[in-house]
Amino acid sequence: MSSKFLIMSIVLIAVSLLLVLTLAYYYYQFKKIDSKAKKYGLLLPIVTLVLICASEIMGIVIAIVHEDDLTSKNIPSIILTTIGMICLVIAVIALFFFIPYFGVALSKDSINLIGEKIDNKNITKIIKDTKTSNIYVFYKQGKRVTKKIKFSKKMVDASFFDEKIIGVKVDNEDALAYHNKTIRNK
């Protein structure tokens with residue numbers, strides 16, 4: 001039973017170390033971008049990094065406190081493994097779904113996020129939503145697929161997306177109506 005916890009601790013340590021190294025690499029690449037304007041998120045990257053480090057610590061603690069006795073139930077190892085996996089899953093979800101909150105940079109030819117790049121020629125519309133406090137960037141991915149990225153006004157304001165840099169005017173309208181009209185009705 002305890003060898004399973006040792007394997008889980010190694011998995012927690014390896015995956016969380018891989019996530020930290022990947023995030024550090026993407027931030028390093030993001031920092032090197034020659035941009036006209038750059039904004040870094042603060043709260044979500046710190047929370048994500050804390051969750052990843054907590055998962056790493058849980059993996060190390062499990063490796064230390066696991067017992068080789070087959071009769072013990074290893075309750076501490078079960079609890080620590082569960083907490084470590086939950087922290088890791090939350091961090092991965094934050095990395096996949098909330099990447100615009102980690103950082104955004106405008107260069108003369110693209111909008112750059114942490115680990116992602118959107119060419120200015122693919123941007124179809126930038127909307128400052130009239131109903132919510134968000135800014136939406138609609139862009140083409142491939143020939144037929146139109147995607148959108150949502151930015152909170154807490155992260156960037158509409159003046160951040162300067163028309164002189166990007167070449168696309170920021171419109172004030174209902175983003176949901178535009179989305180339904182252009183993307184869903186194709």
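The values are calculated or read from the model by the stated rules, or taken from the named source; none is laboratory data. Here the structure is a predicted model, which is why all the values come from computation and not from measurement. In this analysis, Cβ positions are derived from the backbone assuming ideal geometry, glycine residues included, and neighbour counts consider all displayed protein chains. We work out accessible area using only protein heavy atoms, side chains counted, and drop any ligands, DNA or RNA first. Shrake-Rupley method; radii C 1.70, N 1.55, O 1.52, S 1.80 Å.
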**Prompt:** What number of residues within the stretch 41-57 are more than 9 Å from Ser16 (Cα to Cα) and either open to solvent by 40 Å² or more (accessible area, probe 1.4 Å) or of a type in the set (Val, Ile, Thr) (or both)?
**Reply:** 9
**Request:** Return the pairs, sorted by first residue and then second, in which the second residue is open to solvent by 40 Å² or more (accessible area, probe 1.4 Å) and modelled with pLDDT of 80 or more, the first residue lies in the stretch 167-184 and is not assigned by the TED database to the domain that holds Ile123 and of a type in the set (Lys, Arg), the beta carbons are less than 7 Å apart, and the residues are 6+ apart or on different chains.
**Result:** none
**Request:** For Lys154, state whether it is open to solvent by 20 Å² or more (accessible area, probe 1.4 Å), assigned to a loop (DSSP other than H, G, I, E, B), outside the structural domain of Leu21 (by the TED database) and farther than 30 Å from Ile60 by Cα.
**Result:** yes
**Prompt:** If you check every pair at least six apart or on different chains, which have Cβ atoms under 8 Å apart with a residue in the stretch 100-126 that is closer than 17 Å to Lys39 by Cα first and a residue that is assigned to a loop (DSSP other than H, G, I, E, B) and β-branched (Val, Ile, Thr) second?
**Reply:** Phe102/Ile114; Gly103/Ile114; Val104/Val156; Ala105/Ile33; Ser107/Ile33; Asn112/Ile33
**Message:** Testing Lys140 on (1) more than 17 Å from Ile33 (Cα to Cα); (2) surrounded by fewer than 15 Cβ atoms within 10 Å (Cβ to Cβ); (3) modelled with pLDDT of 85 or more; (4) of a type in the set (D, E, K, R), one condition comes back false. Which one is that?
**Reply:** (2)
**Message:** Just to check your reading of the model, which residue among Asn122, Asn134 is open to solvent by 30 Å² or more (accessible area, probe 1.4 Å) and touching a Lys or Arg at 6+ places or on another chain (Cβ under 8 Å)?
**Reply:** Asn122
**Request:** State yes or no: is Leu17 at pLDDT 90 or above, in contact with a Cys (Cβ under 8 Å, 6 or more places away or on another chain) and part of a helix (DSSP H, G or I)?
**Result:** no
**Request:** Select from the stretch 75-103 the residues that are open to solvent by less than 10 Å² (accessible area, probe 1.4 Å) and farther than 17 Å from Ile46 by Cβ and write down the one among them that is modelled with the highest pLDDT.
**Result:** Gly84
**Message:** Give all pairs with beta carbons closer than 8 Å in which a residue from the stretch 56-79 that is among the acidic types (Asp, Glu) meets a residue that is open to solvent by 80 Å² or more (accessible area, probe 1.4 Å) and at pLDDT 80 or above; count only pairs at least 6 apart in sequence or on separate chains.
**Reply:** Glu56/Leu17
**Answer from Ser35, Ser9 - the residue that is in the same structural domain as Leu95 (by the TED database), under 23 Å from Glu116 (Cα atoms), open to solvent by less than 90 Å² (accessible area, probe 1.4 Å) and among the hydroxyl-bearing types (Ser, Thr, Tyr)** = Ser35
